[in-house]
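Here, each number is a calculation from the coordinates, and none is a lab measurement. For clarity, every value in this text was computed on a predicted model and none was experimentally measured. Cβ: placed from backbone, ideal geometry, glycine included. Neighbour counts: every protein chain shown.
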Amino acid sequence: MFNRQDGDIHLKTLNWQAFWQQVKLLKPKITQAATIGDINEEVNFGTVHNVLRYKQDPRLIAAEVPIVEIQSPLIEVPTWVKFRNIVSVDPEPMEQIEQGGETCFDMAWCHLARTNYEGDQGVGGISQIAYHDWSPLVTDTSKQHGCTVLYQTPIVHLSKRTIGMEGRFQIVSKLLCRYFRLKKGVVPKGGLSNPFELYVVPKP
């Protein structure tokens, strides 16, 4: 799991046996456990992305989604190697990454996993990021899926306060989002004037 930016994922809250069983069954390229907040918090969502929140409906096992957050993804090795190779050979994103930029990975690797960066990945508002009005439920276990959220194995996200969100970090993060948006089609060209505001510090 890649957990550089978020140090507040309560790993012991995850039902690891059930999580791995579902990963083995559904074979997603990139996986995230559904997120819930700390019970002591007033707003107990755990994430601003509605599609990644825990669903109490027991019929919802998993869904293929266009975003898996940087906080706790499980990425299969071939997908990670492809993502790394694409980014590492381009000086533009590497310059931002070397200065601490790491935002918009969460949509960029999903776009790669689903379409291999073919076309634009359109999205709705921050609370309804989905391929459609509601993400298609994962029912076909005969094929490998892109980014998948597992609803029946939630994990607790504690403070939900990202570290170091000011100054130079904000600038390089915005530039990194711009790279994924304009060069990789992660969202429609011209669709976002400020990716940093939308994906990093969304308004309540």
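Here are some notes:
- Among Trp16, Trp109, Trp80, a tally of other beta-carbon atoms within 10 Å of each Cβ gives an order, fewest to most, of Trp16, Trp80, Trp109.
- Cross-link pairs Lys55/Lys183; Lys24/Lys174; Lys29/Lys55; Lys29/Lys174; Lys24/Lys82 - those with Cα-Cα distance over 29 Å: Lys55/Lys183; Lys24/Lys174
- Spacing of the modelled spin labels on Thr115 and Glu76, each 7 Å from Cα toward Cβ, amounts to 2.0 nm.
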